[in-house]
Each structure stands twice: as C-alpha cells, then as structure tokens.
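Asker: Shown below is the structure under consideration.
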2 protein chains.
Amino acid sequence: MIITSVQNTKVKTWCKLHEKKHRENQQKFLVENEHLIQEAFQAGLLEELILLEGFDLNLNFDKERIIVNEHVMTALHPNTYMQKCLGVVRMPKVQANLGNKILLCDDVQDPGNLGTMIRSAYSFGFDSFITSRGSADLYNEKVIRSTQGALFHMNVIRGNLMDFIHKFKQSGYKIYGTALENGKGLSTFANEEKVVLIFGNEGSGIKEDILKECDDRIYIEMSRFESLNVAMACTVCTYWFRKD
Amino acid sequence: MIITSVQNTKVKTWCKLHEKKHRENQQKFLVENEHLIQEAFQAGLLEELILLEGFDLNLNFDKERIIVNEHVMTALHPNTYMQKCLGVVRMPKVQANLGNKILLCDDVQDPGNLGTMIRSAYSFGFDSFITSRGSADLYNEKVIRSTQGALFHMNVIRGNLMDFIHKFKQSGYKIYGTALENGKGLSTFANEEKVVLIFGNEGSGIKEDILKECDDRIYIEMSRFESLNVAMACTVCTYWFRKD
C-alpha cells in the first residue's frame, strides 16, 4: 500500500516532528539521508522507514517499509530536493552512568557547531555530552547532519549545567573551561582520567558563574588570530583529552 | 552621487566577479560583510567600498565611498538578504618565500572545509597554503566566509602539488600526508621546523602518487568512528605542528 494523502494520520504525526515541542512529546525525530538512517538502524533507534515509491534501501530492517508518493514525501520534507528515504528515529535513552570524559556546552547556538562538537566528542571517546537549555536543539536537522550519526551513539543530555557541575565536583572530576583570558596553554594539561570540558557561546563564551567553578581555564595556543570557532576549539581539546 | 543603474559600467564589472574566470582576469573578488571588509582593509587589500545608501562603515578608508541603491545592491549580491556593504578586494600577491610550515590540499571540494582549513592553518602559524587545481576555488564566497578573514593574510597559492613537493624534498622539508591506512599516530610526531602537511579529497583522500612522496603518513588517534571530516583533521594537525 502506498500512502498518497497528507491527511493520513501517520503523515500528520510525522510532519509534527519538524517542531521541537512535538519531537519532545513523541520522543522521536526525523532523519533524512541514507547514511544517517543506516547509523540510526545500527544504533537500534530506527522506528519506521519511509520510502519514496520505486526506491528501496539495502537494510536488514524487520518492520514493514512504508511507501509514500512524491506529494507526501514533499510534505514530510519540504524546502529541499526530493528525499528518497526518511527515518523516524527514537531519541536515545539517557544513560545514568555518565562515564569519565564529559563535554558541556553552555549555550552553543549554531546547529552546525553543536553537531560538529558531538562528532568530535564521540570520535575521541567522550562518554557524555551535556548541553544547557539555551543551546541549539539537539534534534535540529542541521545538528543531526553535522554529527554524521555520532548523535545516535553518544549519551546526550539537555539540562542545568550548574547542577551537573556540582555533582562532578563531588565525584572527583577535573573541570576545565575554555577561555581567552587567564587560561593555561592546552599543551600543558595532563590527560586526566576523569575530566569535564566546558565550551561557551559563540559570542560571549562561558558564563561567569560557570567559569568560576572551573579548576582551570584552557587556552589553545595560537600564533595569530584571536579565536578559533567553538567547534574547532572543541575538536582540538577533545583530541588532547581523548580516551585511547 | 548614487549609482542607481545596473547598466553602470562599474556595476557590470563588479557583477562579473561572481564568476571564477572573471575573478582571475581582474585579480579581484567581492567580500560581503562588515567584519570581512575590515579584515581586507587591514590587510591592505580593499580596493573599493560599496555602500547601500543611508549606511556607512566606520573605516579609515581614504578612497571615495561608492553609494548604490537597493536595486543595484541586489544585482551585486543576489540570493541573500540585502547587504549594507560590499568590498572589492584585490587578490593577495603570492610570496615567493613559502616559509617553513606549509599546508597542501589535494582536491578538497567543499568550500566550507577549504575555508576552515585556511583559518586553522593561519591561526596555528602556517606560512603558506597551497591547493591543487581540482580543489574548490579559493575566492568562492563560502570559502571567504569560512576563513573569517584569514584568507587575506595567508600566502595562498593554486598550482601543481607534485611540482611543489619535489622542491620541498630538495629543501629538507618533512612531508606528511594524512591517511587512514598505514599511518603513525599524530601524537608520536615531533614538531619539525620545516614541515609540509597534506590533506586529501573528502571522498577519496590523497592521490596515490602524492601519498608515495610522503616521508610518513599521519593517523589521528580516535576511539570510535572511522574518520573525522577533513577540516577537523586539519585543525588537529595544524595545532600539533603549530609555530609558537
């Protein structure tokens, strides 16, 4: 059976996933390309597979494939070229054990930056990725694309950073914030076993009250230019503090 | 005087700068936002300053400001929101002395990646940035934006990589290519004084004949995921081999 009407109940439910509040209500989000759908499937998070009629995906997915026509696909994924497949993906469960290597984002605004930071953190073995409520939404399309699938495997949490920081302090983590002023060069830091790295907003950096809680401030040594973009800084720092 | 006609000779000449061949003929390119215009000015490369009527820029520029109306500005910079200022910028002269720290791009396609790589290379003190003819155009708008102005200060060259590599070999540079296979971990490399780092195409990496010329292959140690994006890899490597 092919779904051809945008009035179909399922189609209406999926369309809502373009909005953050409905993603949170349903605890699901849409994923748009073949590679990302594969990654979601491998992470055990793929709930429904929606295919444009005439197209298939080489995937050992045991649920029924849902076929839609171009009209419905356009409704499900407007503003871009025609998608051949879409995945409805379950948000990963938060793991209570946050692990030893943790990244905190204090109001990182740009979805591309946030996605790249998740990708870096995952690549270099970080266990949990925690964002403030003022950061870009984790399930924004551009975030998902920039993570290249790392989002499905990383323990991502949205919450109050200060609450987390207080718990980390009691549990013996070293807490380092990146800052342009009063920082110690990154290359002088030892790779601690239990470490929390904090990155701040693109314009204003880490908020003062959070910076005060840091054991040290990290400065990335540069020859010229006053700052790297936050995603580049994160890539360098997560490499330095990587888990081997 | 305000230019109000898109038939104006100057306007026609500037419009051509959206095309690569005309940029090369004129040895000029357009720059679109205030910060980038400031950077071009500071680098001594700003030739003409075009302002939307009613708008000014706090810049100690001693040539006449050119005022245009919305109609002309839209012609000069279509497909986006209305610009308030545009700069006509001279391509920087290539410096014959390439310095000690050099970055080579073998067919890097994505303008955002290329721009980020120039920014990283500049931030970490690299002296020259050389791209193959198959790489994205250096003066593409998105490249310029991603460099955040580093383009105006970096010695950028487009040419035949193999010719350069042969010269570098004769002059005692260490030549390192990034590769997923048969590489040595980045953290095992000493920071050589004279070093050439090579990065390859997003899909296919560095071409085999170029890889053969490398003294060593670099592998960026990761815990998970098989690859970083080339811009992220470049940021980590240029930090590692930075000039202090």
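Asker: Which residues, taken from region A:19-33, are open to solvent by less than 70 Å² (accessible area, probe 1.4 Å) and of a type outside the set (S, T, N, Q)?
Answerer: Scanning region A:19-33 gives A:22, A:23, A:28, A:29, A:30, A:31, A:32.
Asker: Considering region B:75-106 alone, what residues qualify as being buried (at least 21 other Cβ atoms within 10 Å of the Cβ) and either under 16 Å from residue B:157 (Cβ atoms) or among the aromatic types (Phe, Trp, Tyr) (or both)?
Answerer: B:101, B:102, B:103, B:104, B:105, B:106, listed by residue number.
Asker: Based on what the data block shows, is residue B:102 part of a strand (DSSP E or B), out of contact with any His (no Cβ under 7 Å at 6 or more places or on another chain) and under 30 Å from residue B:199 (Cα atoms)? Walk me through how you get there before you give the answer.
Answerer: Numbers: part of a strand (DSSP E or B): yes; out of contact with any His (no Cβ under 7 Å at 6 or more places or on another chain): yes; under 30 Å from residue B:199 (Cα atoms): yes.
So residue B:102 passes the test.
Asker: Residue A:125 - would you say it is touching an Asp or Glu at 6+ places or on another chain (Cβ under 7 Å) and within 13 Å of another protein chain (Cβ to nearest Cβ)?
Answerer: No, not satisfied.
Asker: Just name the residue that is surrounded by the most Cβ atoms within 10 Å (Cβ to Cβ) out of those in region A:204-231 that are within 14 Å of chain B (Cβ to nearest Cβ) and without any contact (Cβ under 8 Å) to a residue 12 or more places away in the chain.
Answerer: Step one: filter region A:204-231 for residues within 14 Å of chain B (Cβ to nearest Cβ), giving A:218-231.
If we keep only those that are without any contact (Cβ under 8 Å) to a residue 12 or more places away in the chain as well, we get A:222-225, A:228.
Details: A:222: 19, A:223: 14, A:224: 13, A:225: 16, A:228: 22.
Among those residues, the one meeting the criterion is A:228.
Asker: Taking the options A:57, A:36, name whichever one is open to solvent by less than 20 Å² (accessible area, probe 1.4 Å), more than 25 Å from residue A:165 (Cα to Cα) and assigned to a loop (DSSP other than H, G, I, E, B).
Answerer: A:57
Asker: While we're here: Condition first: open to solvent by less than 50 Å² (accessible area, probe 1.4 Å) and in contact with a Lys or Arg (Cβ under 9 Å, 6 or more places away or on another chain). Now tell me which residues in region B:1-18 satisfy that.
Answerer: Within region B:1-18, B:3, B:6, B:14, B:17 qualify.
Asker: Identify all residues within region B:146-196 that are of a type in the set (S, T, N, Q), within 12 Å of chain A (Cβ to nearest Cβ) and at negative phi; write none if there are none.
Answerer: The answer is B:146, B:147, B:187, B:191.
Asker: Separate question: Determine, yes or no, whether residue B:158 is open to solvent by 20 Å² or more (accessible area, probe 1.4 Å), within 30 Å of residue B:44 (Cα to Cα), in contact (Cβ under 8 Å) with a residue 12 or more places away in the chain and touching a helix residue (DSSP H, G or I) at 6+ places or on another chain (Cβ under 8 Å).
Answerer: no
Asker: Can you pull out every residue in region B:113-130 that is assigned to a helix (DSSP H, G or I) and either without any contact (Cβ under 8 Å) to a residue 60 or more places away in the chain or closer than 17 Å to residue B:202 by Cβ (or both)? If you could, list the steps in order and put the result at the bottom.
Answerer: First pass over region B:113-130, keeping only residues assigned to a helix (DSSP H, G or I): B:113-123.
Across region B:113-130, the qualifying residues are B:113, B:114, B:115, B:116, B:117, B:118, B:119, B:120, B:122.
Asker: Can you tell me which residues in region B:114-145 are open to solvent by less than 20 Å² (accessible area, probe 1.4 Å), on the phi < 0 side of the Ramachandran plot and out of contact with any Cys (no Cβ under 8 Å at 6 or more places or on another chain)?
Answerer: B:115, B:118, B:123, B:124, B:126, B:128, B:136, B:138, B:143, B:144
Asker: When residue A:227 is evaluated against the numbered criteria (1) part of a loop (DSSP other than H, G, I, E, B); (2) modelled with pLDDT of 95 or more; (3) not charged (D, E, K, R), which criterion, by number, is the only one it fails?
Answerer: (2)
Asker: Quick check on my filter: what residues within region A:180-200 are open to solvent by 20 Å² or more (accessible area, probe 1.4 Å), touching a helix residue (DSSP H, G or I) at 6+ places or on another chain (Cβ under 8 Å) and outside any loop (DSSP other than H, G, I, E, B)?
Answerer: Of everything in region A:180-200, just one residue is open to solvent by 20 Å² or more (accessible area, probe 1.4 Å), touching a helix residue (DSSP H, G or I) at 6+ places or on another chain (Cβ under 8 Å) and outside any loop (DSSP other than H, G, I, E, B), namely A:187.
The values are calculated or read from the model by the stated rules, or taken from the named source; none is laboratory data. Quick caveat, the model's predicted, so the values are computed rather than measured. Cβ: placed from backbone, ideal geometry, glycine included. Neighbour counts: every protein chain shown. These accessible areas exclude ligands, DNA and RNA; they are computed on the full protein's heavy atoms, side chains included. Shrake-Rupley method; radii C 1.70, N 1.55, O 1.52, S 1.80 Å.
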